[in-house]
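Everything on this sheet refers to the single structure shown next.
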Amino acid sequence: MGGRWIERWEPEDETFWREQGERIARRNLWFSVLAEHIGFSVWSLWSVMVLFMGPQYGVDPAGKFFLIATATLVGAFIRVPYTFAVARFGGRNWTVISALLLLLPTGLAFAVMEPGTSYGTFLLVAALTGIGGGNFASSMTNINAFFPLRKKGWALGLNAGGGNIGVPVVQLVGLLVIGTAGAMHPRIVLGVYLPLIAVAALCAALFMDNLAPVRNDTGAVREAVKARHTWIMAFLYIGTFGSFIGYSFAFGLVLQTQFGRTPLQAASLTFVGPLLGSLVRPVGGWLADKHGGARITLLTFAAMAVAAGIVLYASVVESLTVFLVGFIGLFALSGLGNGSTYKMIPAIFLTQGHSKGLTGEAAEAYGRRLSGASMGLIGAVGALGGLGINLAFRQSFLTVGSGTGAFVAFLLFYAACMTVTWAVYLRRPAAVAPVPDTAAGVEPDRAPAEV
């Protein structure tokens, strides 16, 4: 429990926030982004490594999709313990530990990445890279505690967006290596990241802080598990973040398998969508702060259904140009939705506090407790959407030889997400009176009367 500890932290106190809180929170945010960014890059390593795996590796497209899916699965489940590690060890301390842990899968991948290595070994190393996915959950939980409610949409969007950019950055590194050294040198990519991991850990140790008031609240965890809104939001997050991470991991392999792109051609296109989706995530949080998370989320899912329809059409007529337009649209929209859904979480539980008769600081404390406890669960379930996308692509290519079947499933799922968002958070039951969100300056996302 050593390290830099802050004993008093009251971000909702405007005087405290203005005089010292904002400066400290922003410093922790920037270095949290750095560590999370590297974590995302490690988590998505196999979306790049499979581009280097030519026929000499003896792994077919279905096997490559399964490697990616394995990393996604581990990254989803490990988010739950990573969420609670922040309160147990401190945000700064855990950021150092979780960054150093990334050396294990990266170093092992460096050792085994060559033809002749067994598929089981590749599968084990891919599973270990999943620990990079846990960094998101601990980082978001940590930053959520630093910022007041009125700033959470922006702060969480920036933190997550900066982390998400780790996906296109590692893909750009892969493109640079393929374009210069060729597709026979995957170890160069891994060699780039080993020192970067050490830098992220060192910066966290030197410049981040632990918050003493943040402690694991087992009562809040139990209440979050029982709350139906935790699982409703997890379902919606499958549609936003699950789409982002699933498409990020699978995009290059789809281009190679369905459209016959070479590793260099695929790598030159793969990074565009994840980069755009990462950059617009803070915009989704900002729009949600301004107009309400549920409204932005509903519009996002409607647009994602349209984009999925475009991709489905392009898959049927085998038009690469139309396919790229639709797929990049999906990336951008998933980024917007990532920001808006995470903004909804604290607003929902604040509204729940009011519905229980709480007011003022008591309602805000209740909202912080429940939103913090639920974020790890929501993030973990949402990441499973990436697993579903990769397994859907794998099955679609096995059965029909293209991604068409998978795109039909994605279109139907976005329609379901749109329906749930409207029915639960925008339809206005007569029995529920508006509860003003004074921190955000807009009416919060609504919770049903019976909850």
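The values are calculated or read from the model by the stated rules, or taken from the named source; none is laboratory data. The structure presented is a predicted model; accordingly, all values stated were derived computationally and were not measured. Every residue, glycine as well, gets a Cβ built from its backbone with ideal geometry; the counts of neighbours run over all protein chains shown. Ligands, DNA and RNA are stripped out before the accessible areas are found, and what is left, the full protein with its side chains, is counted by its heavy atoms. Shrake-Rupley method; radii C 1.70, N 1.55, O 1.52, S 1.80 Å.
Observations, loosely collected:
- Scope the stretch 304-332; condition polar (S, T, N, Q) and open to solvent by 20 Å² or more (accessible area, probe 1.4 Å); matching residues: SER319, THR321
- Qualifying residue in the stretch 256-270 (condition: among the hydrophobic types (A, V, I, L, M, F, W, C) and either without any contact (Cβ under 8 Å) to a residue 40 or more places away in the chain or under 21 Å from TRP30 (Cα atoms) (or both)): no
- Counting only residues that are more than 28 Å from the chain's Cα centre (by Cα) and acidic (Asp, Glu), the stretch 1-31 holds 4 of them.
- Residue match in the stretch 285-300 (condition: at pLDDT 95 or above, in a helix (DSSP H, G or I) and closer than 19 Å to LEU269 by Cβ): no
- Residues that are touching a helix residue (DSSP H, G or I) at 6+ places or on another chain (Cβ under 6 Å), at pLDDT 95 or above and β-branched (Val, Ile, Thr) within the stretch 305-321 comprise just one, ILE310.
- Scan of the stretch 179-196 for residues that are part of a helix (DSSP H, G or I), touching a residue at least 60 places away in the same chain (Cβ under 8 Å) and open to solvent by 10 Å² or more (accessible area, probe 1.4 Å), ordered by number: GLY179, ARG187, GLY191, LEU194, LEU196
- Within the stretch 146-172, being open to solvent by 30 Å² or more (accessible area, probe 1.4 Å) and either among the hydrophobic types (A, V, I, L, M, F, W, C) or within 19 Å of LEU276 (Cα to Cα) (or both) holds for TRP154, LEU158, ILE165, VAL169, LEU172.
- Among residues of the stretch 370-396, those that are under 30 Å from GLY219 (Cβ atoms), touching a Gly at 6+ places or on another chain (Cβ under 8 Å) and of a type outside the set (A, V, I, L, M), counted: 2
- Any hit, the stretch 387-395, residues being farther than 30 Å from LEU67 by Cα, in a helix (DSSP H, G or I) and without any contact (Cβ under 8 Å) to a residue 12 or more places away in the chain: no
- Pairs, first closer than 17 Å to GLN56 by Cα and open to solvent by 50 Å² or more (accessible area, probe 1.4 Å) in the stretch 117-128, second at pLDDT below 95 and part of a helix (DSSP H, G or I), C-beta under 8 Å, six or more apart: TYR119/GLY63
- One residue from ASP445, ASP437 being modelled with pLDDT under 50, of a type outside the set (A, V, I, L, M, F, W, C), closer than 29 Å to TRP154 by Cβ and buried (at least 24 other Cβ atoms within 10 Å of the Cβ): ASP445
- Single match in LEU398, LEU391, LEU412 (criterion: at pLDDT 90 or above, surrounded by fewer than 22 Cβ atoms within 10 Å (Cβ to Cβ), within 30 Å of PHE327 (Cβ to Cβ) and out of contact with any Pro (no Cβ under 7 Å at 6 or more places or on another chain)): LEU412
- In the stretch 59-97, the residues that are among the charged types (D, E, K, R) and open to solvent by less than 10 Å² (accessible area, probe 1.4 Å): ARG79
- Condition check for GLY335: over 19 Å from GLY252 (Cα atoms), open to solvent by less than 20 Å² (accessible area, probe 1.4 Å) and either among the hydroxyl-bearing types (Ser, Thr, Tyr) or in contact with a Ser or Thr (Cβ under 9 Å, 6 or more places away or on another chain) (or both): no
- Condition broken by SER402, with the remaining ones in (1) in contact with a Ser or Thr (Cβ under 8 Å, 6 or more places away or on another chain); (2) under 30 Å from GLU12 (Cβ atoms); (3) not in a helix (DSSP H, G or I) satisfied: (2)
- Applying the criterion of at least 2 residues that are at pLDDT 90 or above to the helices (runs of 4 or more DSSP H) found wholly in the stretch 197-268 leaves 228-237, 243-259.
- Hits in the stretch 99-116 - residues which are of a type outside the set (Val, Ile, Thr), closer than 27 Å to GLY58 by Cβ and open to solvent by 20 Å² or more (accessible area, probe 1.4 Å): LEU104, GLY107, LEU108, PHE110, ALA111, GLU114, PRO115, GLY116
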